[in-house]
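Just passing along the structure, written as structure tokens.
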Amino acid sequence: MTATRSRAAYLGPERRRPQVLDAALEIAAESGLAGVTMGAIADRMAVSRPVVYACFADRAEVLTGLLERETQLGLQGLFAMLPPERTGSIQQLFVDGFRALFEAVAQRPMFWRIIYAEQPDAALAPAIGHGRAEVRGRIAVVLRPLLERWQVTDLDVAAPVLTDVFLAICETSVQARLAGSGSADPDQLAELFGRAAYRAVRAVPAPPAEVSGSQVGGNGGVSE
């Protein structure tokens, strides 16, 4: 063990930081965030505590660095949500999007557990807020082309509201996926949440028809 620690110590902090984060992630997956301490990381890496402290000042800095890294990796999966070219059916597009989201959850479960934790670690509060903002921003980018296609009126007002509605459904779906959601498989959950999200976001008023004075009282209508 002494020889291992000696060899490991030769690596500088810049090369060591990713290894510290990897060790922290392994510990968090096994024991939860409460188990991530500087001592536990040192033991996992077979190095002395000063080696870990040379990379990060304290536990809070380790956890923040871990969440920032996992946020970037986790959000890469959201690029696959709702690609317009995948299908001609908008509702199916939403279903496919939730399948992509569940794949992202399966690939980086710890990120999603942290970002949507019911009782988040106090040391992570600022980073979690930033991570949630990143998720919201990505969803807003995904939704806006659809809202434009549907010719939603007052888009600058409606888009943030509909983004929050969609985000709430996404959060619930992620929690259901992480919890296993009973006997439902990912495809069933994608169908359920995809259709629900489509109905929720699509439930916006159609743009008002321009009616001339001569048409008042006539049989003019508003197209869907």
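The values are calculated or read from the model by the stated rules, or taken from the named source; none is laboratory data. Since this is a predicted model, take the numbers as computed values, not measurements. A quick note on method: Cβ atoms are made from the backbone with ideal geometry, for glycine too, and the neighbour counts reach across all protein chains shown.
For the stretch 42-60, state whether one or more residues are surrounded by 12 or more Cβ atoms within 10 Å (Cβ to Cβ), of a type in the set (Asp, Glu), part of a helix (DSSP H, G or I) and within 27 Å of the chain's Cα centre (by Cα).
No, every residue in the stretch 42-60 fails to be surrounded by 12 or more Cβ atoms within 10 Å (Cβ to Cβ), of a type in the set (Asp, Glu), part of a helix (DSSP H, G or I) and within 27 Å of the chain's Cα centre (by Cα).
Please go through the stretch 161-202 and give me each residue that is among the polar types (S, T, N, Q), out of contact with any Leu (no Cβ under 9 Å at 6 or more places or on another chain) and either assigned to a helix (DSSP H, G or I) or not assigned by TED's automatic domain parsing to the domain that holds residue 98 (or both), ordered by number.
172, 175, 188
Which residues, taken from the stretch 147-183, are of a type outside the set (Gly, Ala, Ser) and within 16 Å of residue 101 (Cβ to Cβ)?
Answer for the stretch 147-183, where residues must be of a type outside the set (Gly, Ala, Ser) and within 16 Å of residue 101 (Cβ to Cβ): 163, 165, 166, 167, 169, 170, 171, 172, 174, 175, 177, 178.
Under the condition of being crowded, with 19+ Cβ neighbours inside 10 Å, under 18 Å from residue 165 (Cα atoms) and of a type in the set (Val, Ile, Thr), which residue from the stretch 86-139 is farthest from the chain's Cα centre (by Cα)?
95
Next question. Working only within the stretch 150-160, note down all residues that are in a helix (DSSP H, G or I), of a type in the set (A, V, I, L, M, F, W, C) and in contact (Cβ under 8 Å) with a residue 12 or more places away in the chain.
158, 159
Give the residue that is surrounded by the most Cβ atoms within 10 Å (Cβ to Cβ), with candidates limited to residues of the stretch 32-41 that are in a loop (DSSP other than H, G, I, E, B) and touching a helix residue (DSSP H, G or I) at 6+ places or on another chain (Cβ under 7 Å).
My answer is 36.
Moving on to the next point. Return the residues of the stretch 176-218 that are more than 16 Å from residue 95 (Cα to Cα) and at pLDDT 90 or above; say none if nothing qualifies.
none
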